[in-house]
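Peer 1: So that we are looking at the same thing, I have put the structure below in structure tokens.
The values are calculated or read from the model by the stated rules, or taken from the named source; none is laboratory data. Just so you know, these numbers come straight off a predicted model, no measurement behind them. Every residue, glycine among them, receives a Cβ derived from its backbone with ideal geometry; neighbour counts consider all protein chains shown. To get the accessible areas, we keep the full protein, side chains included, count just its heavy atoms, and leave off ligands, DNA and RNA. Shrake-Rupley method; radii C 1.70, N 1.55, O 1.52, S 1.80 Å.
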Amino acid sequence: MVARLRPGKWYSAQALAQESGITERDVHSVLRTMCWRPQHGAKAERKKVGNQIHYRVFKQDKSVSVEELTTKLRPIVEGLKAEGKKNMATMVPAEVAMLAARLERLLNEWAE
């Protein structure tokens, strides 16, 4: 089922149950567990939409440690915050572009 889902798209439990041919109760049971402990090569997130629970599932091909994420992303976030605090006259668009390029390089590195 995970292979057929579009990454990052939210699905209702009812839609997932119909797609996979199981009960909604089973969908909730499996995906609730996957929200806090990845299983079957995937991790899930949940949110409440109206009176329904919606899930989105991400493949877990690779994982990156929290320490590596914070170490490498913190300078980029801090640089973006600093640029965001400046007024239009002192802001440097090239700095924002450079930070975006660094972020893109990291994402590509982790995706390989």
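Peer 1: Could you check segment 45-65 and list, in sequence order, the residues that are of a type in the set (D, E, K, R), in contact with a helix residue (DSSP H, G or I) (Cβ under 8 Å, 6 or more places away or on another chain) and not in a strand (DSSP E or B)?
Peer 2: Restricting attention to segment 45-65, the residues satisfying the condition of being of a type in the set (D, E, K, R) are 45-48, 56, 59, 61-62.
Subsequent filtering for residues that are in contact with a helix residue (DSSP H, G or I) (Cβ under 8 Å, 6 or more places away or on another chain) retains 45-46, 59, 62.
Selection gives Lys62 alone.
Peer 1: Have a look at Arg46, Arg56, Arg32 and point out the one that is within 20 Å of Trp10 (Cβ to Cβ) and in contact with a Cys (Cβ under 6 Å, 6 or more places away or on another chain). Steps first, please.
Peer 2: Details: Arg56 fails: in contact with a Cys (Cβ under 6 Å, 6 or more places away or on another chain); Arg32 fails: in contact with a Cys (Cβ under 6 Å, 6 or more places away or on another chain).
Result: Arg46 is the single residue among Arg46, Arg56, Arg32 that is within 20 Å of Trp10 (Cβ to Cβ) and in contact with a Cys (Cβ under 6 Å, 6 or more places away or on another chain).
Peer 1: Filter segment 1-39 down to residues that are outside any loop (DSSP other than H, G, I, E, B) and open to solvent by 50 Å² or more (accessible area, probe 1.4 Å), then give me how many there are. Quick ask: steps written out before the conclusion?
Peer 2: If we filter segment 1-39 for residues that are outside any loop (DSSP other than H, G, I, E, B), which is where we start, we get 2-4, 11-20, 24-36, 39.
After this cut, where a residue has to be open to solvent by 50 Å² or more (accessible area, probe 1.4 Å) as well, the list is 3-4, 14, 18-19, 24-26, 29-30, 32, 36.
Residues that pass the stated criteria total 12.
Peer 1: Also, quick follow-up: Would a scan of segment 62-76 turn up a residue that is touching a residue at least 40 places away in the same chain (Cβ under 8 Å), within 18 Å of Arg4 (Cβ to Cβ) and either open to solvent by 70 Å² or more (accessible area, probe 1.4 Å) or of a type in the set (D, E, K, R) (or both)? First the steps, then the outcome.
Peer 2: Keep residues of segment 62-76 that are touching a residue at least 40 places away in the same chain (Cβ under 8 Å), which gives 62, 64.
Subsequent filtering for residues that are within 18 Å of Arg4 (Cβ to Cβ) retains none.
There is no residue in segment 62-76 that is touching a residue at least 40 places away in the same chain (Cβ under 8 Å), within 18 Å of Arg4 (Cβ to Cβ) and either open to solvent by 70 Å² or more (accessible area, probe 1.4 Å) or of a type in the set (D, E, K, R) (or both).
Peer 1: Might you let me know whether segment 40-52 holds any residue that is modelled with pLDDT under 90, of a type in the set (A, V, I, L, M) and surrounded by 11 or more Cβ atoms within 10 Å (Cβ to Cβ)?
Peer 2: First pass over segment 40-52, keeping only residues modelled with pLDDT under 90: 40-44.
So of that shortlist, the ones also of a type in the set (A, V, I, L, M) come out as 42, 44.
Keeping just the survivors that are surrounded by 11 or more Cβ atoms within 10 Å (Cβ to Cβ) gives 42, 44.
There is at least one residue in segment 40-52 that is modelled with pLDDT under 90, of a type in the set (A, V, I, L, M) and surrounded by 11 or more Cβ atoms within 10 Å (Cβ to Cβ).
Peer 1: Return yes when Lys59 is at pLDDT below 95, open to solvent by 60 Å² or more (accessible area, probe 1.4 Å), under 30 Å from Arg37 (Cβ atoms) and not hydroxyl-bearing (Ser, Thr, Tyr) and no when it is not.
Peer 2: On the way: at pLDDT below 95: yes; open to solvent by 60 Å² or more (accessible area, probe 1.4 Å): yes; under 30 Å from Arg37 (Cβ atoms): yes; not hydroxyl-bearing (Ser, Thr, Tyr): yes.
Against the criterion (at pLDDT below 95, open to solvent by 60 Å² or more (accessible area, probe 1.4 Å), under 30 Å from Arg37 (Cβ atoms) and not hydroxyl-bearing (Ser, Thr, Tyr)), Lys59 qualifies.
Peer 1: Hey, could you check segment 66-112 for residues that are assigned to a loop (DSSP other than H, G, I, E, B) and of a type in the set (A, V, I, L, M) and say which is farthest from the chain's Cα centre (by Cα)? Don't jump to the end; show me each part of the working.
Peer 2: Applying the first criterion (assigned to a loop (DSSP other than H, G, I, E, B)) to segment 66-112 yields 86-92, 112.
Among the residues that remain, those that are also of a type in the set (A, V, I, L, M) are: 88-89, 91-92.
Details: Met88: 31, Ala89: 34, Met91: 29, Val92: 29 Å.
Among them, the one singled out is Ala89.
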